[in-house]
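The values are calculated or read from the model by the stated rules, or taken from the named source; none is laboratory data. If you're wondering where the values come from, they're calculated on a predicted model, not measured in any experiment. All Cβ positions, glycine included, derive from the backbone under ideal geometry; neighbour counts span all protein chains shown. Surface accessibility is based on the protein's heavy atoms, side chains included, excluding ligands, DNA and RNA. Shrake-Rupley method; radii C 1.70, N 1.55, O 1.52, S 1.80 Å.
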Amino acid sequence: MKDFTQGHITKNIFFFAVPMILGNVFMQLYQFADTVIVGRFLGKEALAAVGACTPVVFLTVALVAGIGIGASIVISQYFGAKQFDKVRTTCDTLFIFLIVASVITTAVGIPLSGYILKWIGLPPDVLPFAKSYLQIYFCGLILLFGYNAVAAILRGVGDSKTPLYFLIFSSVLNIGLDLLFIKSFGWGIEGAAWATVIAQGFAFILCVIYVNRTNPVIRVRLLRQQFDKKIFMQCIKLGLPAGLQQTFVAVGMLALIGIVTGFGTDIIAAYVSVNRIDTFASLPVMNFAAALTTFVGQNISVGNMDRIKQGLRSTLFMAVGCCATINLAIIIFGRPLLSLFSTYPTVIEPGYSLLVILNSLYPVFAAMFVINGLLRGAGASIAPMLITLLSLWLVRLPAAMILSHFFGYEGIWWSYPTGWIVGLICAGTYYFSGKWKNKAVIKSK
């Protein structure tokens, strides 16, 4: 556990963010490997299917994940105020909610999978692959929710290293199972889905064993958990805007996929391949922002406003610098990276044009995301939600529809930075207004 209310600001944020970055790198590596193996051994139709399922999965877990974010913020603020009994109760409340939510989501998601995929307009040659993959993925949601809950709790108390170790193991296991199930057993896309579910299950089980043996404050108690309605409402207050934000993002991704599908299987495959590569550029930004959220959550509970502002400056410098370096590498090696997924020029060239557009303007995205991370940690979680709604639904999607009409698929690509620019202007305006300073769960004395 880490106390962010004292010590060197930049070092605290950096060394808290790095394990999360590495953990997500390994998670994306096994998703990257999963996509490469599917594309190479099962063809571009299966590759397009896996990518089309991503926003559907994101949509089904977004709202629940938002409550987890809210719980992590509550835990960080109680931990900063040294109220460890409240930390314990918040952990129990989160687990009870996630168990119920995962059961309901799975029960609804499996029978509706085919209808959802038809709604977004997947081509007939892609639809059967996507339906099989998605239904199996739904079977393992309780394991995915469980791991994310333990990881959120650990981050809330300042421990970002432990989830990393188990995620590394899970990533390596997933890649091995992919090769075993797809190449050796010939299970097809179903093998890729089962490999992911099994790997997530191991990550969750190992995290629970570790927490129960080392930390009595946040241990997982399956039989003696306490549900606190007041704390749950605090989690809802802080997490629901984040959950709604992610839900709207997921629906927006589905709408965007709907536009992309109008250009055929090759463009879908290009879009999927770019998303897998582009994730590595966004990882430092998202994790530095997450680290800043925990940092702000602990410091705002004791009124360290100057420390929070210094933390923002340090995080912006680290996030923008790190992602700019990755952006340059992706632009230089973009075509060889895309060729890992597919050797078709009709997939590689549209994908490379998207890589260049996104990575040239990523610093704008970085600044917007880091400022939103500060606002969430302070408890002002409604503002990032509204900013996301504005930049996605009122800017990016209309821009994608209009520009694609005149410029083809490249018009969709240019809609991304258009939304980022508007989002950064809104986030910066709200930050400088200072209205976020009185949104904490625990008011400083």
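Assorted remarks:
- Cα centroid separation, region 38-83 to region 240-273 (Å): 14
- Carbon plus sulfur fraction of accessible area for region 1-74, probe 1.4 Å, in percent: 68
- Taking the Cα atoms of region 373-445, the ratio Rg/Rh between the radius of gyration and the Kirkwood radius comes to 1.18.
- Carbon + sulfur, % of accessible area of region 245-300 - ligands and nucleic acids excluded, 1.4 Å: 67
- Judged by the mean number of other Cβ atoms found within 10 Å, the most tightly packed of the peptides 277-287, 291-301 leads the ranking 291-301, 277-287.
- Accessible area of the chain divided out per residue, in Å², using a probe of 1.4 angstrom: 40
- Relative contact order [Cα under 8 Å, 6+ residues apart], the chain, whole percent: 24
- Reciprocal mean inverse distance between Cα atoms of region 182-298 - Kirkwood radius, Å: 18.9
- Kyte-Doolittle mean at least -1.0 and Cα axial length at least 27 Å: DSSP H helices in the chain: 9-42, 44-80, 84-119, 189-214, 229-261, 265-300, 305-332, 409-433
- Net length gained if the chain between Lys118 and Leu390 were fully extended (0.36 nm per residue, minus Cα distance): 95.2 nm
- Rounded percent of accessible protein surface that carbon and sulfur make up, region 305-366, 1.4 Å probe: 72
- In region 187-291, taking the dipole from charged Cβ atoms about the Cα centre, the farthest positive-side position among Asn215, Gln246, Gly191 is held by Asn215.
- The equivalent ellipsoid that matches the C-alpha gyration tensor of region 139-210 spans semi-axes of 26, 12, 7 angstrom, in descending order.
- Three semi-axes describe the equivalent ellipsoid of the chain; taken as square roots of 5 times the Cα gyration tensor eigenvalues and ordered largest first, they are 34, 26, 19 Å.
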